[in-house]
Amino acid sequence: MKPTLATQLDAEAMFSALVDAMRAAVPEQAAFVGVYSGGAWLAERLAQVIPGHHPVGFVDVSFYRDDLSRAGLKANVRTTQLPFPVEGADIVLIDDVLFTGRSIRAAINTLFDYGRPRSVQLAVLADRGGRELPIAADHCGGDVTVPADEMLELTRDAAGHFQFHRVPRAR
(Lines give C-alpha, C1' and ligand atoms only; values in the text may rest on other atoms or scores of the structure.)
Protein backbone atom coordinates (compact mmCIF):
# COMPACT_ATOMS: atom_id res chain seq x y z
CA MET A 1 0.00 0.00 0.00
CA LYS A 2 1.41 3.39 -0.98
CA PRO A 3 1.79 5.98 1.78
CA THR A 4 -0.97 8.55 1.97
CA LEU A 5 -0.62 12.33 1.96
CA ALA A 6 -0.35 12.25 5.78
CA THR A 7 2.79 10.10 5.55
CA GLN A 8 4.08 11.53 2.29
CA LEU A 9 7.43 12.59 3.69
CA ASP A 10 8.07 9.41 5.68
CA ALA A 11 10.90 8.13 3.48
CA GLU A 12 11.29 4.92 5.47
CA ALA A 13 7.60 4.03 5.01
CA MET A 14 7.99 4.77 1.31
CA PHE A 15 11.09 2.56 1.20
CA SER A 16 9.08 -0.31 2.72
CA ALA A 17 6.34 0.21 0.13
CA LEU A 18 8.95 0.24 -2.66
CA VAL A 19 10.44 -3.03 -1.40
CA ASP A 20 6.97 -4.60 -1.35
CA ALA A 21 6.31 -3.39 -4.92
CA MET A 22 9.63 -4.75 -6.20
CA ARG A 23 9.93 -8.01 -4.28
CA ALA A 24 7.96 -10.24 -6.67
CA ALA A 25 8.37 -8.19 -9.85
CA VAL A 26 12.13 -7.80 -10.26
CA PRO A 27 14.13 -10.52 -12.05
CA GLU A 28 16.44 -12.39 -9.65
CA GLN A 29 19.55 -11.45 -11.64
CA ALA A 30 18.63 -7.83 -12.44
CA ALA A 31 21.35 -5.25 -11.95
CA PHE A 32 20.40 -2.23 -9.86
CA VAL A 33 21.63 1.11 -11.21
CA GLY A 34 21.22 4.12 -8.95
CA VAL A 35 21.18 7.71 -10.17
CA TYR A 36 23.55 9.74 -7.98
CA SER A 37 23.09 10.48 -5.16
CA GLY A 38 19.75 9.46 -3.66
CA GLY A 39 19.18 6.74 -6.23
CA ALA A 40 22.65 5.33 -5.53
CA TRP A 41 21.87 5.04 -1.82
CA LEU A 42 18.56 3.36 -2.62
CA ALA A 43 20.17 0.90 -5.07
CA GLU A 44 22.70 -0.20 -2.44
CA ARG A 45 20.04 -0.78 0.19
CA LEU A 46 17.54 -2.41 -2.18
CA ALA A 47 20.18 -4.89 -3.35
CA GLN A 48 20.44 -6.10 0.25
CA VAL A 49 16.71 -6.78 0.70
CA ILE A 50 15.29 -7.79 -2.70
CA PRO A 51 15.62 -11.56 -3.29
CA GLY A 52 18.21 -12.60 -5.86
CA HIS A 53 21.66 -11.49 -6.91
CA HIS A 54 21.66 -7.81 -7.85
CA PRO A 55 24.97 -6.23 -8.82
CA VAL A 56 24.91 -2.50 -8.12
CA GLY A 57 26.10 0.30 -10.35
CA PHE A 58 25.77 4.07 -10.41
CA VAL A 59 25.21 6.67 -13.11
CA ASP A 60 25.93 10.37 -13.13
CA VAL A 61 23.67 12.21 -15.56
CA SER A 62 25.54 15.53 -15.47
CA PHE A 63 26.76 15.37 -19.07
CA TYR A 64 23.37 14.25 -20.42
CA ARG A 65 21.19 16.93 -18.87
CA ASP A 66 19.21 18.89 -21.43
CA ASP A 67 19.79 22.08 -19.42
CA LEU A 68 23.60 21.76 -19.46
CA SER A 69 24.12 24.69 -21.82
CA ARG A 70 21.80 26.90 -19.75
CA ALA A 71 22.58 25.81 -16.18
CA GLY A 72 26.19 24.71 -16.62
CA LEU A 73 27.95 21.70 -15.17
CA LYS A 74 27.29 21.03 -11.49
CA ALA A 75 30.28 21.02 -9.16
CA ASN A 76 29.66 17.50 -7.85
CA VAL A 77 30.15 15.45 -11.03
CA ARG A 78 30.78 11.80 -10.17
CA THR A 79 32.05 8.86 -12.16
CA THR A 80 29.54 6.47 -13.68
CA GLN A 81 30.32 3.01 -12.32
CA LEU A 82 28.78 -0.03 -14.01
CA PRO A 83 30.82 -3.05 -12.81
CA PHE A 84 28.83 -5.50 -14.96
CA PRO A 85 28.04 -5.76 -18.68
CA VAL A 86 25.07 -3.60 -19.64
CA GLU A 87 24.67 -5.39 -22.98
CA GLY A 88 21.77 -7.84 -22.67
CA ALA A 89 21.24 -7.19 -18.94
CA ASP A 90 17.98 -6.73 -17.07
CA ILE A 91 18.40 -3.41 -15.29
CA VAL A 92 16.37 -1.65 -12.63
CA LEU A 93 17.14 2.06 -12.83
CA ILE A 94 16.62 3.62 -9.39
CA ASP A 95 16.12 7.25 -8.40
CA ASP A 96 14.83 8.99 -5.31
CA VAL A 97 12.27 11.39 -6.85
CA LEU A 98 10.51 11.24 -10.20
CA PHE A 99 9.41 14.71 -11.27
CA THR A 100 9.73 15.94 -14.86
CA GLY A 101 11.34 12.75 -16.19
CA ARG A 102 14.37 14.58 -17.57
CA SER A 103 16.90 13.02 -15.18
CA ILE A 104 15.59 9.56 -16.02
CA ARG A 105 15.91 10.29 -19.75
CA ALA A 106 19.50 11.34 -19.12
CA ALA A 107 20.17 8.18 -17.08
CA ILE A 108 18.83 5.97 -19.88
CA ASN A 109 21.07 7.79 -22.38
CA THR A 110 24.03 7.13 -20.09
CA LEU A 111 23.17 3.42 -19.85
CA PHE A 112 23.04 3.04 -23.62
CA ASP A 113 26.59 4.40 -23.90
CA TYR A 114 27.62 1.18 -22.15
CA GLY A 115 25.50 -1.23 -24.17
CA ARG A 116 21.93 -2.20 -25.01
CA PRO A 117 20.17 -3.68 -21.99
CA ARG A 118 17.61 -6.45 -22.49
CA SER A 119 15.15 -4.55 -20.31
CA VAL A 120 15.03 -1.47 -18.10
CA GLN A 121 12.56 -1.02 -15.27
CA LEU A 122 12.26 2.20 -13.26
CA ALA A 123 11.96 2.27 -9.47
CA VAL A 124 11.53 5.50 -7.52
CA LEU A 125 11.01 6.27 -3.88
CA ALA A 126 8.63 9.17 -4.55
CA ASP A 127 6.63 10.32 -7.57
CA ARG A 128 5.68 13.98 -7.33
CA GLY A 129 3.97 14.23 -10.73
CA GLY A 130 4.72 17.13 -13.05
CA ARG A 131 5.97 15.02 -15.94
CA GLU A 132 7.36 16.82 -18.98
CA LEU A 133 8.37 13.59 -20.73
CA PRO A 134 6.39 10.33 -21.14
CA ILE A 135 8.18 8.47 -18.35
CA ALA A 136 6.49 6.42 -15.62
CA ALA A 137 7.83 4.33 -12.76
CA ASP A 138 7.33 0.56 -12.77
CA HIS A 139 7.82 0.51 -8.99
CA CYS A 140 7.07 3.42 -6.66
CA GLY A 141 7.19 3.91 -2.91
CA GLY A 142 4.52 6.61 -2.95
CA ASP A 143 3.00 9.64 -4.61
CA VAL A 144 3.70 12.99 -2.99
CA THR A 145 2.43 16.52 -3.37
CA VAL A 146 5.08 19.20 -3.15
CA PRO A 147 4.60 22.88 -4.04
CA ALA A 148 6.18 23.90 -7.35
CA ASP A 149 8.67 26.20 -5.57
CA GLU A 150 10.06 23.34 -3.46
CA MET A 151 12.15 20.26 -4.10
CA LEU A 152 12.45 17.03 -2.18
CA GLU A 153 15.93 16.25 -0.94
CA LEU A 154 16.74 12.75 0.26
CA THR A 155 19.28 12.33 3.04
CA ARG A 156 20.42 9.33 5.02
CA ASP A 157 21.67 9.09 8.55
CA ALA A 158 24.68 7.14 9.84
CA ALA A 159 22.54 4.00 10.15
CA GLY A 160 21.46 4.27 6.50
CA HIS A 161 17.87 5.36 7.20
CA PHE A 162 16.30 7.79 4.76
CA GLN A 163 14.64 11.14 5.39
CA PHE A 164 13.00 13.55 2.96
CA HIS A 165 13.34 17.30 3.41
CA ARG A 166 11.55 20.05 1.54
CA VAL A 167 13.97 22.65 0.26
CA PRO A 168 13.41 25.81 -1.77
CA ARG A 169 13.88 25.30 -5.48
CA ALA A 170 16.96 26.99 -6.92
CA ARG A 171 16.12 29.73 -9.39
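The values are calculated or read from the model by the stated rules, or taken from the named source; none is laboratory data. In this text, all values refer to a predicted model and were calculated from it rather than measured experimentally. When we count neighbours, we look across all protein chains shown, and the Cβ atoms used for this are built from the backbone with ideal geometry, even at glycine.
Just need a number here: residues in the stretch 53-83 that are modelled with pLDDT of 75 or more, surrounded by 13 or more Cβ atoms within 10 Å (Cβ to Cβ) and part of a loop (DSSP other than H, G, I, E, B).
Residues that pass the stated criteria total 7.
Just wondering, is there one or more residues in the stretch 90-113 that are more than 17 Å from residue 128 (Cα to Cα), at pLDDT 95 or above and in a loop (DSSP other than H, G, I, E, B)?
No; the residues of the stretch 90-113 include none that is more than 17 Å from residue 128 (Cα to Cα), at pLDDT 95 or above and in a loop (DSSP other than H, G, I, E, B).
Anything in the stretch 27-46 that is more than 21 Å from residue 114 (Cα to Cα) and in a helix (DSSP H, G or I)? List them, or say none.
Within the stretch 27-46, 38, 41, 42, 45, 46 meet the criteria.
Please state which of the following conditions residue 117 fails to meet, knowing it meets all the rest: (1) within 17 Å of the chain's Cα centre (by Cα); (2) at pLDDT 95 or above; (3) under 27 Å from residue 142 (Cβ atoms).
Only one criterion is unmet by residue 117, namely (1).
How many residues are out of contact with any Pro (no Cβ under 9 Å at 6 or more places or on another chain), modelled with pLDDT under 95, assigned to a loop (DSSP other than H, G, I, E, B) and not hydroxyl-bearing (Ser, Thr, Tyr) if we restrict to the stretch 138-156?
Total meeting the criteria: 3.
Looking only at residues that are hydrophobic (A, V, I, L, M, F, W, C) and over 19 Å from residue 40 (Cβ atoms) in the stretch 136-152, which one is surrounded by the fewest Cβ atoms within 10 Å (Cβ to Cβ)?
148
Could you check residue 120 against (1) buried (at least 17 other Cβ atoms within 10 Å of the Cβ); (2) out of contact with any strand residue (DSSP E or B) (no Cβ under 6 Å at 6 or more places or on another chain) and say which number it fails?
Result: residue 120 passes all but (2).
Quick check on the stretch 11-34. Is at least one of its residues crowded, with 20+ Cβ neighbours inside 10 Å and either of a type in the set (Lys, Arg) or modelled with pLDDT under 95 (or both)?
no
Among the residues of the stretch 125-137, what is the count of those that are without any contact (Cβ under 8 Å) to a residue 40 or more places away in the chain and outside any loop (DSSP other than H, G, I, E, B)?
So the count comes out to 1.
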